[in-house]
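To start, the structure under review is shown below, and the notes come after it.
The values are calculated or read from the model by the stated rules, or taken from the named source; none is laboratory data. Everything numeric in this text was worked out from a predicted model, so none of it was measured. Virtual Cβ from ideal backbone geometry, glycine too; neighbours counted across all protein chains shown. Ligands, DNA and RNA are excluded from the accessible area calculation, which covers all protein heavy atoms including side chains. Shrake-Rupley method; radii C 1.70, N 1.55, O 1.52, S 1.80 Å.
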Amino acid sequence: MVDILGWFWTSAVLVIAVAALVLVIGIYNNLVSLRQNVRQGVADIDAQLRQRHDLIPNLVETVKGYAGHESSTLEAVIEARNRAARGGPDSASEQGLRVALDNLLALGEAYPDLKASANFQELQRELADVEDKLAAARRALNAAVARFNSAREAFPAVLFAGALGFREADFNRLDDSEKGTVDQVPAISF
């Protein structure tokens with residue numbers, strides 16, 4: 001009878017240990033998958049920024065042909081692009097690039113021939129498309145971060161996540177230079 005009871009307790013402990021191991025492996029694999037989604041989101045944003053940076057020289061060359069004496073605007077765009085290329089995707093240099101591009105695109109209003117140029121219009125469309133894709137990539141990244149952080153903080157994963165090396169992921173946020181403009185109501189005049 002004592003042997004049967006000892007065997008029962010040994011078997012019960014072994015089953016519990018195996019179940020706990022399977023649970024930890026499942027948690028680990030789920031968190032790895034979600035972390036990869038976050039990394040993919042960051043890579044998608046980088047790809048869109050790279051595409052935007054690649055469009056800028058073509059846009060500048062197109063504008064040069066029509067508004068060559070606007071060299072300060074053109075130089076500001078190139079300098080902003082170079083700073084943004086050196087900085088990270090969340091850097092303030094991206095905001096500076098966005099402002100410089102807005103100034104460059106505003107030249108289209110001052111030069112009707114430029115505005116009518118098919119090349120300029122196509123580059124504007126491509127840039128608008130990249131900006132839309134960039135916004136979508138940022139939303140997708142934030143959704144992936146939310147899923148990862150939720151899974152990491154949910155029970156029972158919260159018991160193991162830190163020990164397994166999973167740290168909280170950061171959301172894509174507006175930088176300080178963007179916060180003042182995004183939360184304001186736009187002025188519209190007719």
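Test Leu21 against the criterion of being within 30 Å of Ser150 (Cβ to Cβ) and free of Cβ contacts under 8 Å to residues at least 40 places away in the same chain, and give yes or no. Considered against the rule, which asks whether it is within 30 Å of Ser150 (Cβ to Cβ) and free of Cβ contacts under 8 Å to residues at least 40 places away in the same chain, Leu21 comes out as yes. Taken over the stretch 152-168, the criterion of being open to solvent by 20 Å² or more (accessible area, probe 1.4 Å), in contact with a Leu (Cβ under 9 Å, 6 or more places away or on another chain) and part of a helix (DSSP H, G or I) is satisfied by Arg152, Phe160. Within the group Asp170, Asp113, Asp129, which residue is farther than 18 Å from Gln36 by Cα, modelled with pLDDT of 85 or more and not hydroxyl-bearing (Ser, Thr, Tyr)? On inspection, the qualifying residue turns out to be Asp129.
Scanning the stretch 109-118 for residues that are surrounded by 15 or more Cβ atoms within 10 Å (Cβ to Cβ) and without any contact (Cβ under 8 Å) to a residue 40 or more places away in the chain turns up just one, Lys115.
Pairs meeting the criteria (first residue in the stretch 36-49 and farther than 19 Å from Phe166 by Cβ, second residue among the charged types (D, E, K, R) and open to solvent by 50 Å² or more (accessible area, probe 1.4 Å), beta carbons under 6 Å, at least 6 apart or on different chains) are Gln48/Lys133. Checked against (1) open to solvent by less than 50 Å² (accessible area, probe 1.4 Å); (2) within 30 Å of the chain's Cα centre (by Cα); (3) more than 25 Å from Ala135 (Cα to Cα); (4) modelled with pLDDT of 80 or more, Asn29 passes all but condition (1).
Of the residues that sit in the stretch 130-151 and are of a type in the set (S, T, N, Q) and over 30 Å from Ile56 (Cβ atoms), which one is most open to solvent (accessible area, probe 1.4 Å)? By that ranking, first place goes to Ser150.
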